[in-house]
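All remarks here apply to the structure that follows.
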Amino acid sequence: MPLSAQPPASGEPYVLAASLDNARHLSSLLRAVHFQDHATCFATANGLRVTVEDAKCIQANAFIQAEIFQEFAVQEESVTFRINLSVLLDCLTIFGTSSLPGTSTALRMCYRGYGYPLMLFLEEGGVVTVCKINTQEPDELLDFDFCSTKVVNKIILQSEGLREAFAELDMTSEVLQITMSPDKPYFRLSTFGNAGSAHLDYPKDSDLMEAFHCNQTQTNRYKISLLKPSTKALALSCKVSIRTDAQGFLSLQYMIRNEDGQICFVEYYCCPDEDITEAEL
């Protein structure tokens, strides 16, 4: 009997219980936000959010909706814990990162609550492995307060357009400059590396542009070292939403479709580089 079909033993007081027929769906999303060892997990009736931060300058969130799971039960309004993401990924891929055709790793994930470990039951080809991962007190996370009413500019691009940009721009540059404007150049990416300045422009009627909503001209710079982790999510995604607010905070929301056609989202928030003055722009 697959793990996802096994009922929990009677009286098990799990505050979180979830099952997946294919653990790779979860591990690939978690790899997209794996740029620090630790992550904070939030579970509600809507699904699971896994948040990773670095130096209060960048935050990544992987959203795995409840519908992705074959079973997803949360017994409290919300369940929160911190976990070693590197260890979690090692456990999820304990049978290897690529399965043989027609095989997959079934996952059952259980958590009893504060102070208890996260339990993983993984089964492939009749072999079951049980992993216990210690959980920790969750950290207080930065609130980027990035609500839709504060968005100044927003565009939606096909991801291949941004993948080509990261391949062509000079990554010896310390910063990536992003210009979003209702007028030309509309959407421009610029770098300032060893080979000099490089610019890549996207007209608003480009085939790669799915939506263009720019209200005012904004030019902001972001440290490339902070943006590089997001290229993991970019590689998996089919579309990316790029938003900025009045302070120049950047939101990159990647739409990722798994091999079963289900859709999940990974979002990165990044602070603008405050060392750049208006005169330099």
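Odds and ends about this structure:
- L227 meets the conditions (1) open to solvent by less than 20 Å² (accessible area, probe 1.4 Å); (2) under 20 Å from T51 (Cβ atoms); (3) modelled with pLDDT of 90 or more; (4) not polar (S, T, N, Q) in every case but one. The failed one is (3).
- Boolean, A73 is surrounded by fewer than 19 Cβ atoms within 10 Å (Cβ to Cβ), part of a strand (DSSP E or B) and small (G, A, S): yes
- Positions within region 165-187 being more than 21 Å from Q247 (Cβ to Cβ) and not small (G, A, S), in sequence order: F166, E168, L169, D170, M171, T172, D183, K184, P185, Y186
- Residues that are within 15 Å of the chain's Cα centre (by Cα) and either surrounded by fewer than 23 Cβ atoms within 10 Å (Cβ to Cβ) or not in a strand (DSSP E or B) (or both), drawn from region 254-263: M255, R257, N258, I263
The values are calculated or read from the model by the stated rules, or taken from the named source; none is laboratory data. Quantities reported herein were computed from a predicted structural model and do not represent experimental measurements. Neighbour counts are summed over all protein chains in view; Cβ atoms, including those assigned to glycine, are modelled from backbone coordinates with ideal geometry. The accessibility values were calculated without ligands, DNA or RNA, using every heavy atom of the protein model including side chains. Shrake-Rupley method; radii C 1.70, N 1.55, O 1.52, S 1.80 Å.
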